[in-house]
Amino acid sequence: MADNAKSLTVSIVTPDGQVYENKTPMLIVRTIDGELGILPNHIPVIASLAIDEVRIKQLESDQEDDEIAVNGGFVEFSDNTATIVADSAERQNDIDVARAENARKRAETRIQDAQQKHDDAELARAQVALRRAMNRLNVARH
């Protein structure tokens, strides 16, 4: 590993294939234990990801950061390469806002139904669906 590295490589893959690959001066992810920022030459790490956005800083300060909605998975970092293996991931510009809004409404209805029926398993599934829909909407609206 080069001690003077100014960037790291980020790769995001899902079961459907590669979603993203680029160089960056900083990667920010939300793990199940909290937010994690990774700079070049960071110590090796493996962490489980929460349903949240991944922010990838741009090498040029005048460019906007890349934001990607990630629905679980994990990040592995070593030798200035971060690999994110996610259940699903969508780049900000690829998110269908109307579809995500419909998913949010369906999830909210499922939550209400599960609460009325006292169905804890369905309630948990619906809450995850709502978090995923809200994550996609939040990333799309930035």
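The values are calculated or read from the model by the stated rules, or taken from the named source; none is laboratory data. Quick caveat, the model's predicted, so the values are computed rather than measured. All Cβ positions, glycine included, derive from the backbone under ideal geometry; neighbour counts span all protein chains shown. Areas reflect the complete protein model, heavy atoms only, side chains present, ligands, DNA and RNA absent. Shrake-Rupley method; radii C 1.70, N 1.55, O 1.52, S 1.80 Å.
Summed over region 9-56, the residues that are closer than 17 Å to Arg91 by Cβ, of a type in the set (Ser, Thr, Tyr) and open to solvent by 40 Å² or more (accessible area, probe 1.4 Å) give a count of 0.
Residue pairs whose Cβ atoms lie under 6 Å apart, sitting 6 or more positions apart in sequence or on different chains, and linking a residue in region 75-97 that is at positive phi and outside any strand (DSSP E or B) to a partner that is at pLDDT 95 or above and open to solvent by 40 Å² or more (accessible area, probe 1.4 Å), do not occur here.
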